[in-house]
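The values are calculated or read from the model by the stated rules, or taken from the named source; none is laboratory data. Nothing here was measured: the structure is a model prediction, and the numbers come from that model. Because the Cβ atoms are built from the backbone with ideal geometry, glycine has one as well, and the counts that use them run over all protein chains shown.
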Amino acid sequence: MNSPKRTARIAGILYLVITVAAIFAHFYVPGELIVEGDAATTAQNIIASESLFRIGMIGSELVVLLSEIVLSIVLYVLLKPVNKTLSLIAAVSRLAMTTIHGLNLLNYYFVLQILNGGDYLAIFSPDQINALVSLFLDAHSYGFSIGIAFLVPHVLILGYLIFESGYFPKVLGILFLLAGIGYLIDTTGLLLVSGYETTPGIIAMVIAVAEIAFPVWLLVKGVKIDRWQQRTLAPEAA
């Protein structure tokens, strides 16, 4: 009877690890190293703090990605009693995002390769090298947004499954459905709308509330065992 509660708490811990590592990799370290509109200063900052760049932006992102793989499977296990097929689609969707984000890390390694001055870069001037650094950093930002596009189906399906589960509060499902719509609007804007550069505050707030409330519930309450058993013993949902 405690197994689903343990599974839920593992999911909550993974969410917590992802959140902390993502804040470090996507906000704190870039804020320390990257200066918008100043390619030369950005390049100098990365050269001067290469260890911070490697550990903070690459290492932390690897922690996020490895945790995402495990979380995808754990969420599938938690929600497959509601609908096995939809739960599988949600898991594959999140794994697709993780794969894209993993490949996207190559852009950071290209930055290091450029700044470490390989022989094949001897033909480039310092300004051209700085421009290439900015190019690959921008490419990473776009690659991240492309990955998030594959997260959209996961979040929307997750919201539906949570709402229908009976062993999680329906309000959490509603929050995830709203967050999925927010991700959809934001990703569409970033990738397809010229001039759209910043996530609107209301969208960021809705996403943050959903992504915080669910892990907290998983850690504190877990699942309602009686409802879980009813779902598990019921005829399997395709």
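Out of the stretch 133-172, which residues are closer than 30 Å to ASP38 by Cβ, of a type in the set (A, V, I, L, M) and either within 12 Å of the chain's Cα centre (by Cα) or surrounded by fewer than 20 Cβ atoms within 10 Å (Cβ to Cβ) (or both)?
Answer for the stretch 133-172, where residues must be closer than 30 Å to ASP38 by Cβ, of a type in the set (A, V, I, L, M) and either within 12 Å of the chain's Cα centre (by Cα) or surrounded by fewer than 20 Cβ atoms within 10 Å (Cβ to Cβ) (or both): LEU135, ALA139, ILE146, ILE148, ALA149.
Which of the residues belonging to the stretch 76-90 are of a type in the set (A, V, I, L, M, F, W, C), part of a helix (DSSP H, G or I) and crowded, with 18+ Cβ neighbours inside 10 Å? Spell out the reasoning first.
Residues of the stretch 76-90 of a type in the set (A, V, I, L, M, F, W, C): 77-79, 82, 86, 88-90.
Imposing the further condition that a residue be part of a helix (DSSP H, G or I) reduces the set to 77-79, 86, 88-90.
Across the stretch 76-90, the qualifying residues are LEU78, LEU79, LEU86, ALA90.
Quick check, is PHE168 in contact (Cβ under 8 Å) with a residue 12 or more places away in the chain and assigned to a loop (DSSP other than H, G, I, E, B)? Steps first, please.
Values: in contact (Cβ under 8 Å) with a residue 12 or more places away in the chain: yes; assigned to a loop (DSSP other than H, G, I, E, B): yes.
Answer is yes for this residue.
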Can you tell me which residues in the stretch 109-127 are surrounded by 12 or more Cβ atoms within 10 Å (Cβ to Cβ) and either assigned to a helix (DSSP H, G or I) or of a type in the set (A, V, I, L, M) (or both)?
-> TYR109, PHE110, VAL111, LEU112, GLN113, ILE114, LEU115, LEU121
Test: residue in the stretch 21-29 that is under 24 Å from GLU197 (Cα atoms), crowded, with 20+ Cβ neighbours inside 10 Å, of a type outside the set (Lys, Arg) and touching a residue at least 40 places away in the same chain (Cβ under 8 Å) = yes
Any residue at all in the stretch 213-225 that is part of a helix (DSSP H, G or I) and modelled with pLDDT under 90?
-> yes
Options PHE124, PHE110, PHE136; residue that is out of contact with any strand residue (DSSP E or B) (no Cβ under 9 Å at 6 or more places or on another chain) and modelled with pLDDT of 95 or more | PHE136
Just one listed residue, out of ILE18, ILE13, ILE47, is in a helix (DSSP H, G or I), modelled with pLDDT of 95 or more and more than 14 Å from the chain's Cα centre (by Cα), and it is ILE13
Condition broken by LEU121, with the remaining ones in (1) aliphatic (A, V, I, L, M); (2) free of Cβ contacts under 8 Å to residues at least 12 places away in the same chain; (3) under 18 Å from ALA21 (Cβ atoms) satisfied = (3)
Test: residue in the stretch 176-185 that is touching a residue at least 60 places away in the same chain (Cβ under 8 Å) and either surrounded by 13 or more Cβ atoms within 10 Å (Cβ to Cβ) or assigned to a loop (DSSP other than H, G, I, E, B) (or both) = no
